[in-house]
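Here the structure is laid out as structure tokens; the discussion comes afterwards.
Throughout, read-outs are computed from the coordinates displayed, never taken from laboratory work. Keep in mind that this is a model prediction, so the values were computed, not measured. FYI the Cβ positions are ideal-geometry reconstructions off the backbone, even for glycines, and counts take in every protein chain you see.
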Amino acid sequence: MARFLMEKINQDVTLKIKNATKSFAGVTVLNNVSFDLYRGEVHSLLGENGAGKSTLIKILSGVHKPDQGKVILENKEFVFNSPKEAFKNGIATVYQELLVFPELTVAENIFLGHTPKTKIGLIDWKKIKADSRKILDSLDSHDLDVNARVGSLSVANRQRVEIAKALSQKTKVLIMDEPTAALADTDVKKLITVVKRLREQGVSILYVSHKMPEIFELSDKVSVLRDGNHVGTFNIKDVSEDLLVSKMVGRPVDKLYPISKGKFGKPILEVNNFTDGLRFKQVSFKLKRGEILGIAGVVGSGRSELAQSIFGINPSKGGSIKIDEKEVSIKKPKDARNLGIAYIPEDRGTQGLVKEMKISHNVSMANLDREANGILIIFKKEMQNAINAINKLGIRARNALQLVRQLSGGNQQKVVVAKWLQTEPRILIMDEPTRGIDVGAKSEIHQLMRNLADEGLAILMISSELPEVLGMSDRVLVMNNGTITKEFSKEHATPENVGAIMTQKVKETA
Ligand SMILES: Nc1ncnc2c1ncn2[C@@H]1O[C@H](COP(=O)(O)OP(=O)(O)OP(=O)(O)O)[C@@H](O)[C@H]1O
Ligand SMILES: [Mg+2]
């Protein structure tokens, strides 16, 4: 009986990773990691920024070759030479940075690399479109047009295209690296439903996320990585959040939000009847020195567009902005910067960084006047700025001269934050300030935000994580369908109150 059970269990292992080890330039980032992925289970991978999660995934999906160790898929040993090879063998990956091709259509993206052909060898467009439609429908994405250009889609829809691609063949293992980092709550719920359904169909899912609630909702098992080492694998039923966090971080993490002194100066930013003529209208609010003003709302409510217009990325079509009670004209980001505004964008990947450049260069990019200084001074200043940033934000890097491309996702985010703090702004706009940041670093960034506010910085924060908005903000504005529908004081900003207003149906005010 025992033997039968053993065999049964072994049979149910879809993927084994054995003693995986990987170094970059002599630095070991993954050290002798082994674990098993069972059929029809969701297995989450947890760890701080830079712990080695994405590296492990890239070994499984054929992006990196391990220095040592093996990948065993259904009892057969593999060394994948390319992601294409892994994909053909049934391992599909939705990467942390989506790989979709913006110029191609939805259907073209889904079948890229394995396009079905007609009898006479031509690409079978009819089948590609029909099959794409079927797969998207199975993901409840009925309104996603297979002919749409992917570049025009929201992040959530781009991700659905990637998942559809994964399902466009027989997938045994689906790997998802922080799939919900950029999603709104409603989209997270939809994704969770899809993942659960795939699990029921027997797909093994390896899932990476920094968001604890979904880890507990979805996972059957969790494996924790710390500094490239495998700390352990646990049944989710046997562990608490606190235990997992302490395994990840190696110390207890303060889950409380920093306390606001509630003392603010005069309004520094005043926005009146502001509109871009399209995505938001009649927006008016004041932001005081030393205050953190949160904007809650669902994705698509116009929050990011508002931030971009204040910063001059998309110029406004009406209304006014006053800074220190004087009306100002912001037509481009440079105008905003000169007025002391800094903006940390939601999409760090494309808007915030030059990945082929060093950390030092990126950190100083927004504020060092290259023409006015000699090369040596620039270099020294850049180095000093970068070292300060690495220490202040706990950026995990070999040194200040490492290329940003080589940093883990979360550490790249911290470089963007550092870059904008360098400009010593008076007004800081942060769109999703802790997206993709691990639990430990998240509370450090929250503390940093509060400290900066206490020093007089005015912060306008957009976040799709309701606990973050409520925990951090001195005042909360709710944006819904392009207008500000309600303002809450800190005392009245409860999850129930704010949540209800966020999702309320509002009439078009055109
Ligand atoms: N191509 C590379 N060259 C040099 N170092 C690299 C390279 N890729 C990753 N690293 C390093 O390996 C370590 C692990 O990175 P990895 O991306 O696996 O972390 P992660 O656990 O996915 O973190 P995050 O939560 O931030 O996404 C990091 O210190 C990173 O800088
Ligand atoms: Mg990663």
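Every Cα-Cα pair in segment 5-137 was counted, and those over 26 Å apart are 38% of them. A crude spin-label estimate for the pair residue 272 and residue 130, with each label 7 Å from Cα along the Cβ direction, gives 6.2 nm.
Starting with the highest mean, order 82-88, 358-364 by the number of other Cβ atoms within 10 Å, averaged over the residues of each peptide.
Working: 82-88: 16.4, 358-364: 25.3.
Ranking, from highest mean packing down: 358-364, 82-88.
Among 155, 222, the order by Cβ neighbours within 10 angstrom, fewest to most, reads 155, 222. In the structure shown, the pairs 58/247; 58/211; 261/288; 355/414 are assessed against 18 Å; a Cα-Cα span above that value is assigned to 58/247; 58/211. Sorting the segments 462-471, 259-268 by their mean number of nearby beta carbons within 10 angstrom, highest to lowest, gives 462-471, 259-268.
For the pair residue 72 and residue 505, the difference between a 0.36 nm per residue extended length and the Cα-Cα distance amounts to 150.8 nm.
Out of segment 102-211, which trypsin sites (Lys or Arg not before Pro) are coil in DSSP terms and have no more than 12 other C-beta atoms within 10 Å?
On the way: sites: 117, 119, 126, 127, 129, 133, 134, 149, 158, 160, 165, 170, 172, 189, 190, 196, 197, 199, 211; in loops: 119, 170, 172, 211.
Filter output for segment 102-211: 119, 170.
Values of log10 I(q)/I(0) for the chain across q = 0.08, 0.12 Å⁻¹ run -0.54, -1.20, by the Debye formula with one identical scatterer at each alpha carbon and no solvent. Which entries of 322/490; 165/221; 331/381 have Cα-Cα distances beyond 27 Å here? With Cα atoms farther than 27 Å apart: 331/381. For segment 410-505, the alpha carbon positions stretch 39, 27, 25 Å along the principal axes, listed from largest to smallest.
Charged neighbours of residue 454, selected by a Cβ distance under 10 Å, balance to +2 (K, R count +1; D, E count -1).
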